[in-house]
Amino acid sequence: MTLTDWFNKRKMQQIAARDNDIKIDDSISKLWMLCYNCNSQLPKKDLEHNNMVCPNCDYHFRIGARDRIKLIFDEGTFVEMFQNIQGKDPLEFVDTQPYTQRQKSAKEKSNLDEAVICGVGEINGQKVATAVMDFDYMGGSMGSVVGEKVTLVMEHALKENLPVIVFTSSGGARMQESALSLMQMAKTSCAVAKLNEAKLLYITVLTEPTFGGVTASFGTIGDIIIAEKGARIGFAGRRVIEQTIKQKLPADFQTAEYLLKYGQIDLIVTRKEMKEKLSKLIELHSKNNCKRNK
């Protein structure tokens, strides 16, 4: 048996095993949620009314891109852009399943076409361009479409003299696109550099979790870097770092609080306060810079 035959056989065994997986009734999870921080059992409806923040310990659960847009932008003002840009499979990549199948599954899970929504909206009447990432779509991984959309919304901001706010939530670069994904780091960083040259405000809001290529590019080069309370932020994962340096890391390592302590971010803001904080920052920038919103 050749090595290729062995891999093909193993792949078929994995596919067969998936078909026989036991279906678990998770209907209770539709009504209750467990807080990962304090282990409280919380009624899901109450949690949703509290913007997915634990009322006992203030733990911030992940929320989707559309929920975040509703939370931050004035009602009826957000206009989505670049919806026509759809993901492809340039490398015809296959691991345990084809990349095209993974994209299809991600769309069904997240009800999104990609891991980012870009557009223009108003925060307390102030117009801004934005990109909002969603972890439910393939772990918020950055592929060619994510990089393209983020770059295009920044270029739109340049034309319209708008501030830009990016909300990150990502596990890193998308492995199914290999070097094409890694190139998005340079592409988006160049777009941010153009914003800087034009003296346009660029704010990044790092949410749970933000890792890998997004952290190493447009995620951490904002004029003002904000993090949601308790968000995990880093490049490589905790376990990888511990195995590399052969040392145990602090319990709060790679949290927003840890990064603030060592000057890696500027502010920690709760979800409840986020809209007003962003509004105030935009207002202060408009008053004290030569660039103003149209």
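The values are calculated or read from the model by the stated rules, or taken from the named source; none is laboratory data. Owing to the predicted nature of the structure, the values given are computational and were not obtained by experimental measurement. With ideal geometry, Cβ positions are generated from the backbone for all residues, glycine too; neighbour counts draw on all protein chains shown. To get the accessible areas, we keep the full protein, side chains included, count just its heavy atoms, and leave off ligands, DNA and RNA. Shrake-Rupley method; radii C 1.70, N 1.55, O 1.52, S 1.80 Å.
Looking only at residues in region 46-86 that are in contact (Cβ under 8 Å) with a residue 12 or more places away in the chain and basic (Lys, Arg), the one that is farthest from Glu228 (Cα to Cα) is Arg66. Taking first residues from region 2-15 that are free of Cβ contacts under 8 Å to residues at least 40 places away in the same chain and partners that are open to solvent by 90 Å² or more (accessible area, probe 1.4 Å), the Cβ contacts under 8 Å between residues at least 6 apart in sequence or on separate chains come to Lys9/Met1. Taking the criterion of being acidic (Asp, Glu) and within 14 Å of the chain's Cα centre (by Cα), no residue of region 159-198 qualifies. Every listed requirement among (1) under 25 Å from Met154 (Cβ atoms); (2) without any contact (Cβ under 8 Å) to a residue 24 or more places away in the chain is met by Val205 save one, (2).
Scanning region 64-79 for residues being loosely packed, with under 14 Cβ neighbours inside 10 Å and of a type in the set (Asp, Glu) gives a total of 1.
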